[in-house]
1. Just one of the numbered conditions (1) modelled with pLDDT of 95 or more; (2) surrounded by 16 or more Cβ atoms within 10 Å (Cβ to Cβ); (3) assigned to a loop (DSSP other than H, G, I, E, B) is not true of D:Ser99; which one?
2. When region B:204-229 is examined, which residues are found to be touching a strand residue (DSSP E or B) at 6+ places or on another chain (Cβ under 8 Å), open to solvent by 10 Å² or more (accessible area, probe 1.4 Å) and not hydroxyl-bearing (Ser, Thr, Tyr)?
3. Kindly establish whether D:Pro144 is farther than 16 Å from D:Glu77 by Cβ and touching a Phe, Trp or Tyr at 6+ places or on another chain (Cβ under 9 Å).
4. I want to confirm something. Restricting to region D:291-305 and keeping residues that are more than 9 Å from chain B (Cβ to nearest Cβ) and either touching a strand residue (DSSP E or B) at 6+ places or on another chain (Cβ under 6 Å) or closer than 19 Å to C:Pro258 by Cβ (or both), which single residue is least open to solvent (accessible area, probe 1.4 Å)?
5. Quick one: in region A:159-203, of everything that is more than 30 Å from A:Ser97 (Cβ to Cβ), at the interface with chain B (Cβ under 8 Å from one of its Cβ atoms) and in contact with a strand residue (DSSP E or B) (Cβ under 9 Å, 6 or more places away or on another chain), which residue is most open to solvent (accessible area, probe 1.4 Å)?
6. Would you point out the residue of region B:58-75, among those that are modelled with pLDDT of 95 or more and open to solvent by 50 Å² or more (accessible area, probe 1.4 Å), that is farthest from B:Trp11 (Cα to Cα)?
7. Here's a check for you: in region B:230-242, which residue that is open to solvent by 30 Å² or more (accessible area, probe 1.4 Å) and modelled with pLDDT of 95 or more is nearest to the other protein chains (Cβ to nearest Cβ)?
8. Cβ-Cβ distance below 9 Å, separation of 6 or more or different chains: which pairs start in region B:42-57 with a residue that is in a loop (DSSP other than H, G, I, E, B) and end on one that is modelled with pLDDT of 95 or more and aromatic (Phe, Trp, Tyr)?
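The values are calculated or read from the model by the stated rules, or taken from the named source; none is laboratory data. This structure is a prediction, so every number in the text was calculated from the model and none was measured. Cβ placement follows ideal geometry from the backbone for every residue including glycine, while neighbour counts extend to all protein chains displayed. All accessible areas refer to the heavy atoms of the entire protein, side chains included, with ligands and DNA or RNA removed. Shrake-Rupley method; radii C 1.70, N 1.55, O 1.52, S 1.80 Å.
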Protein chains: 4
Amino acid sequence: MTNSSSRSLGWLGTGRMGAAMAHRLVGANHDVTVWNRTKDKTDDLVAAGARVADALVQLATCDVVFVMVATPADLEEVVTGAAGLLSGPNAPGLIVSCSSVDVATSAKVRGVASERGVAFLAAPVSGNPHVVAAGGSSFVVSGPQAAFDDVAPLLETIARSAVWVGEGEEALLVKICHNLYLGLIVQSLSEVTVLAEKSGVARHVFLDFLNSTGLATDWVRRRTPDLLALDWTPTFTTELLRKDFELGMGVARSAEVPMPLAAGVLQLLQSAIGHGYRDSDFLSLFALQGASSGLELHRDVATGE
Amino acid sequence: MTNSSSRSLGWLGTGRMGAAMAHRLVGANHDVTVWNRTKDKTDDLVAAGARVADALVQLATCDVVFVMVATPADLEEVVTGAAGLLSGPNAPGLIVSCSSVDVATSAKVRGVASERGVAFLAAPVSGNPHVVAAGGSSFVVSGPQAAFDDVAPLLETIARSAVWVGEGEEALLVKICHNLYLGLIVQSLSEVTVLAEKSGVARHVFLDFLNSTGLATDWVRRRTPDLLALDWTPTFTTELLRKDFELGMGVARSAEVPMPLAAGVLQLLQSAIGHGYRDSDFLSLFALQGASSGLELHRDVATGE
Amino acid sequence: MTNSSSRSLGWLGTGRMGAAMAHRLVGANHDVTVWNRTKDKTDDLVAAGARVADALVQLATCDVVFVMVATPADLEEVVTGAAGLLSGPNAPGLIVSCSSVDVATSAKVRGVASERGVAFLAAPVSGNPHVVAAGGSSFVVSGPQAAFDDVAPLLETIARSAVWVGEGEEALLVKICHNLYLGLIVQSLSEVTVLAEKSGVARHVFLDFLNSTGLATDWVRRRTPDLLALDWTPTFTTELLRKDFELGMGVARSAEVPMPLAAGVLQLLQSAIGHGYRDSDFLSLFALQGASSGLELHRDVATGE
Amino acid sequence: MTNSSSRSLGWLGTGRMGAAMAHRLVGANHDVTVWNRTKDKTDDLVAAGARVADALVQLATCDVVFVMVATPADLEEVVTGAAGLLSGPNAPGLIVSCSSVDVATSAKVRGVASERGVAFLAAPVSGNPHVVAAGGSSFVVSGPQAAFDDVAPLLETIARSAVWVGEGEEALLVKICHNLYLGLIVQSLSEVTVLAEKSGVARHVFLDFLNSTGLATDWVRRRTPDLLALDWTPTFTTELLRKDFELGMGVARSAEVPMPLAAGVLQLLQSAIGHGYRDSDFLSLFALQGASSGLELHRDVATGE
């Protein structure tokens, strides 16, 4: 295989996340050919230096093809479908699937790819388009280790880190655990922040402190302004996090692992939906915590640290 | 008041935490006079350049006196007791109380100090002696803001940060919220890490990933080797964290704030005690999570990142 | 001691509960002398055949004195206070304390009584005035077993049962456990009933079924009309049940017993208070469960069985 | 349709539960023809007066056929399969399906039956074979109300009650809610009983009291000897109750109803499995509660009430 910097790259799926990710490769002067079902979503990338394929199957001549689509069904269709990436005589050397799909679908697509001699990496990514654009997202990757070693420089061009966790679909499991942990942190943070606020310590004061300690996270630092402004504009909705928690509790059931706190968060997400926060950002767990505390929340006009 | 670098400093209480904190001042060439009930616990500090007082009351001639004692009763005794810091004709300009005591005791001692014209800062500190020695601890401080501004450089010599949160005892409340958050994170981490491990992802692989994401914390990074080695040597015991959670739930009751997850962690701490982890580090919540999952835990010989 | 049917009985405290209880003794033709701080609350009892004492201390000549007052401080005052039951030269043979007070107060009053040679029974009672009037309440009793055996017929005249549980203050502990169990059942019932209702089974249909099974309780049967009518007129407020749960969790802490579900109910009671149900009957946990489920509750006009 | 007492009855499935139920009809002198895959399991019923069918399809000439099989797949096979009840030219007027199957399977079999003009009642039953034999079980029934009214006397011969809850599959939903409630009560009871016991009130004393109050249930009364003897011989295993809780939480998810306590019980069931109680009676939640409390449990030799 050629050096990663001279390889031809394909990018399949240029929705908001996909476009943000592809832009980081194009911006680093890689040779990227893009395709999207709705073609005009590729215009910005072309303006930035990418080429565009007329037909999905043309990406099959690229060395490496990244796939970022919305659903498991989409992944199956664009890779193994009748007009999909593997539907013609050519095939890339490697497919990097960045979508957070279920284990079964990933294993199925991997199987079809393997039969064509195509390596397959499951590489779900954390973060939202803004985080990706700022270089702050993270990959967790599973599949053949040699394939991972080969594309690691590309992944680290897109994100700030890429960690390999196994030969199979482990990356998807790890991503689910990550999202459970995210929900746990949001509810934990909501409880202690509302407690501090109702006890007389302003929200920005408490969060500034927490953001100065060994328990600080980049994520909380980044969302502190939203917590101060009570801005629940969705980056990821309560309903979507509920879906991830259901996936996670399903995995926990299969593994026979009790999850007392995570189970509690899932019920609180359901309560938040019942109280009207279905389509709000999941950070609105903070709003429910305020309401349950009988605390009328206001925007905290101080800026975070 | 003189410049902080030329002021005389007193240090009252050189147990493990107190000694580690005082060493950072001595190491920065401050003029420090120390006192401890058991005098030989001051020997190392003297060897490092500190002076030692024969009687506690001699510290009253220092400009600033730091107090780091074990219990609320100790704080009362060493400051306001018959042979305490304020028992003679002299008094320092400022007392910085670094102990995590209850609000009522802090307010009482502050009141006595104020009557003597002595400013009083409640300045509980996070971290253990190792963290303090490495400069990684954090102060949260409340009391007169001018007094805080005055000693902030000294606090930042001892710790990596010092955040002022109010004119009264707010710092103690914030410290309690911090400790609740710590327990919440440990249980949350235990749930997802055991889930990953029982599902086939090695502990060090999962923790390395988590430590690479936007949810990483310095605290978890620092404790990762202990989680891999199943090392429950106490830095802070399960029983002590239960005490902090009881304080926290008491504060929550006063404020009428429901704490669904924190209440769950308190019950799990109680279960951990029932299962024999009373005197283990509270990180042993991980061991209980493993046992409840029917997972036989082993040392993970890989090193954390 | 004389046969219970011919003994003189004193009744101290004729509030709503006390009056309902005393009426059952008067109605059974016992010789009852009553006293109450607000004398006109004894009028109905006098009309029914009771005598009234001008001064509290006059009850000291009765063989057995029942005490039903509101708070621990009241119990101390009416028994051991300067103008209390034991303040004169006479003393009854037995005091039956029906108030749900804390263990320490009960032990203290028992101690004073014992020094005067007066037997003391802690005999908290379940139920509300309506239940008492209908003969449906229950006593749990602790103190000298001989004293219990002696007054058991009187207790069974007042209530449908009287169970002896120990020589000391065990009855108060058992009462607290009972009240925890009551709160647990109300929340459990709320969860499954709202689930059935939102899934299409009318509330009265589901409750009729539950009331026909081996899990039926008299208590749920009795409250079914209130659940159908969404009638939260207080028999016992959410705030009062929160107090009992706090007592219970305190006992659990002393005994080092984790209470995962009870801890959850306490947080839900706190949430109910936050959502405005402080002074409603604690059955309003059902209303909070409905709101959290996004279910608009209506009166179910069908009658319970 | 003929009077119920003179109708011919078929009984399909004579495992432990089915046999106990059929015995109650035979014992009431009904004309019952039985069939079972393993024929010798019908011997006792034949000895008691039942007839036995050589082939399943022969039951199709009966007026009413009761079906009590283990799984949804069994129900489909014995009713709609190639050699099933509806595979020949005859068909009964009514099928009463007593198995606790999922809603989808029940609806599917009902549909096939309806096309043949056969009424179908979903009639899951509570209790175990001992309870059934003693006449203490309960039916919850859904399907055509006329069909229910018609067979209600037969159902009340088998069980102590039969409650109709809807025209469709509502009975299955209600049964799931019932089983959730059962698990909630067992954990609630375990918490308060262990609390009382560790605080010094013997288990039999506490349970005797609880069994005398308005919160008493027949179910707890019946299981009190097992709690005293720590007898976890399975009537229904922890693993089976976990399955019911998963079904229940799935229904709650569909209905978008948060179930904070039920979610907690599911995690505790999972913990009980992790601690080795998978195949024990689910009453062993009490044993886990004891272990988590650091309480060494012993048989309580006193008899329950």
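1. (1)
2. So in region B:204-229, the residues touching a strand residue (DSSP E or B) at 6+ places or on another chain (Cβ under 8 Å) come out as B:205-206, B:208-209, B:212-214, B:226.
So of that shortlist, the ones also open to solvent by 10 Å² or more (accessible area, probe 1.4 Å) come out as B:205, B:208, B:212, B:214, B:226.
Scanning region B:204-229 gives B:Val205, B:Asp208, B:Gly214, B:Asp226.
3. yes
4. Applying the filter and picking the extreme gives D:Leu297.
5. A:Gly200
6. B:Ala73
7. Residues of region B:230-242 that are open to solvent by 30 Å² or more (accessible area, probe 1.4 Å), as a first pass: B:230-236, B:239-240.
Applying the additional criterion that residues be modelled with pLDDT of 95 or more yields B:230-233, B:239.
Working: B:Leu230: 17, B:Asp231: 18, B:Trp232: 17, B:Thr233: 19, B:Glu239: 10 Å.
Going through the qualifying residues, I end up with B:Glu239.
8. B:Ala50/B:Trp11; B:Ala53/B:Trp35; B:Asp54/B:Trp35; B:Ala55/B:Trp35
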